Structures are given as C-alpha cells and as structure tokens.
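K.L.:
Mind looking over this structure? Questions follow.
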Amino acid sequence: MKPKKYDNQRLGILIGVFSPVIGFFIYGALWAWHFAKPFSYFVNEVFLGIPTFKSSIITLSLVFNLLPFFIFVRTNRNKTARGVLLAVFLYIPLVVYYRFFV
C-alpha cells in the first residue's frame, strides 16, 4: 500500500501549533468587529489586560484545530491527525496554568 501524501506526524504538529494562532486572529477580528473596537484593543485590553480571559481565549482558539483534525481523519491521513491532536495536548498545560495559577 502506497503511503498517502501529506500523512506525517510532523506536519500535523506544525498545523496543530499554528492553527490556534490563526484562530486567535480570526476570533480577535470578529470580536473587534462586533464591538466596534480596534484589534489592538482586543489584544492589549482584553487578552493581555484581563488575566481571567486568557485561558478562555486560548481554549476558544484551540477549537480551530478541529477543522484540520477532521479533514485529516476523513481523508485517512491518520498520522497527520495524530500530530494535530498532539499539538492540542501541548497547549493544555498553558491553558491549565492560566486557568488556575494566574
């Protein structure tokens, strides 16, 4: 059986690490548009200014990993999907830290 193209764990980890960053920018842009504030206000005042919101915003940004994960599972690229899932598990200590210790 021939291996599928783009089916490796390193690619999945790379996508899994950068997908929440893109999700953060999308969420921040939508938040800024909804409240008619600049994106810099979202970053400086909401994300950095209110410590209790950090873990929630990071967790919401992690939801953006669902899209590539399910795409890779549906196309039988299980190694890449495993890498995306591993990247989510790498973000979990950060979320727990901001949730309980900050």
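The values are calculated or read from the model by the stated rules, or taken from the named source; none is laboratory data. Not measured: the values here are computed from a predicted model. With ideal geometry, Cβ positions are generated from the backbone for all residues, glycine too; neighbour counts draw on all protein chains shown. When the accessible area is computed, the model is the full protein with side chains, heavy atoms only, and any ligands, DNA or RNA have been set aside. Shrake-Rupley method; radii C 1.70, N 1.55, O 1.52, S 1.80 Å.
K.L.:
Six or more apart or on different chains, Cβ atoms under 7 Å: show the pairs whose first residue is in region 91-102 and under 12 Å from residue 57 (Cα atoms) and among the basic types (Lys, Arg) and whose second is assigned to a helix (DSSP H, G or I) and open to solvent by less than 80 Å² (accessible area, probe 1.4 Å).
P.N.:
99/55
K.L.:
May I pose another question? Being closer than 18 Å to residue 15 by Cβ, open to solvent by 70 Å² or more (accessible area, probe 1.4 Å), assigned to a helix (DSSP H, G or I) and polar (S, T, N, Q) is the filter here; which residues of region 41-87 pass it?
P.N.:
Hit for region 41-87 is 78, nothing else.
K.L.:
Answer yes or no: is there a residue in region 21-32 that is modelled with pLDDT under 95, more than 14 Å from the chain's Cα centre (by Cα), assigned to a helix (DSSP H, G or I) and surrounded by fewer than 14 Cβ atoms within 10 Å (Cβ to Cβ).
P.N.:
no
K.L.:
Residue check: is residue 37 open to solvent by 60 Å² or more (accessible area, probe 1.4 Å), in a loop (DSSP other than H, G, I, E, B) and not aromatic (Phe, Trp, Tyr)? Spell out how you get there, then give the answer.
P.N.:
Working: open to solvent by 60 Å² or more (accessible area, probe 1.4 Å): yes; in a loop (DSSP other than H, G, I, E, B): yes; not aromatic (Phe, Trp, Tyr): yes.
Against the criterion (open to solvent by 60 Å² or more (accessible area, probe 1.4 Å), in a loop (DSSP other than H, G, I, E, B) and not aromatic (Phe, Trp, Tyr)), residue 37 qualifies.
K.L.:
Kindly list the number of the only condition in (1) of a type outside the set (Gly, Ala, Ser); (2) at pLDDT below 95; (3) exposed (fewer than 15 other Cβ atoms within 10 Å of the Cβ) that fails for residue 95.
P.N.:
(3)
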